[in-house]
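Step one of this worksheet: look at the structure below.
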Amino acid sequence: MCRNIRVLHNFEPPATSDEVQAAALQYVRKVGGAAKPSAANQAAYDKAVAAVAAATQELLDALVTTAPPKDREVEAAKAKARAAERYGS
């Protein structure tokens with residue numbers, strides 16, 4: 001999985017449309033092989049991002065779980081601690 005794409009399911013508050021859009025953009029960039037597409041490919045990228053974002057939102061809306069929602073701040077702190085351990089910061 002792309003490192004920049006984060007888990008969006010089962011958080012309180014739920015993932016925003018901006019987070020869904022950012023994940024879709026990262027996915028399309030990864031699959032397309034370019035962080036900034038050429039002018040000739042921009043329309044294709046934009047269309048793909050919109051489609052992936054819509055599919056992602058549909059998935060998130062349909063998922064169910066019995067687990068309690070995760071706290072964003074707690075998860076961010078855990079990620080920061082893992083990064084500090086990994087990179088020695």
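The values are calculated or read from the model by the stated rules, or taken from the named source; none is laboratory data. Just so you know, these numbers come straight off a predicted model, no measurement behind them. As a convention, Cβ positions derive from the backbone with ideal geometry for all residues, glycine included, and neighbour counts pool all protein chains shown. Accessible surface is based on the protein model in full, side chains and every heavy atom, while ligands, DNA and RNA are left aside. Shrake-Rupley method; radii C 1.70, N 1.55, O 1.52, S 1.80 Å.
Being assigned to a helix (DSSP H, G or I), open to solvent by 100 Å² or more (accessible area, probe 1.4 Å) and farther than 16 Å from Val7 by Cβ is true of Glu58. Would you check if there is a residue in region 15-30 being in contact (Cβ under 8 Å) with a residue 40 or more places away in the chain, within 24 Å of Ala83 (Cβ to Cβ), touching a strand residue (DSSP E or B) at 6+ places or on another chain (Cβ under 7 Å) and not in a helix (DSSP H, G or I)? No, because not a single residue in region 15-30 is in contact (Cβ under 8 Å) with a residue 40 or more places away in the chain, within 24 Å of Ala83 (Cβ to Cβ), touching a strand residue (DSSP E or B) at 6+ places or on another chain (Cβ under 7 Å) and not in a helix (DSSP H, G or I). Scanning region 5-21 for residues that are open to solvent by 50 Å² or more (accessible area, probe 1.4 Å) and not basic (Lys, Arg) yields Val7, His9, Glu12, Pro13, Pro14, Thr16, Ser17, Asp18, Glu19, Gln21.
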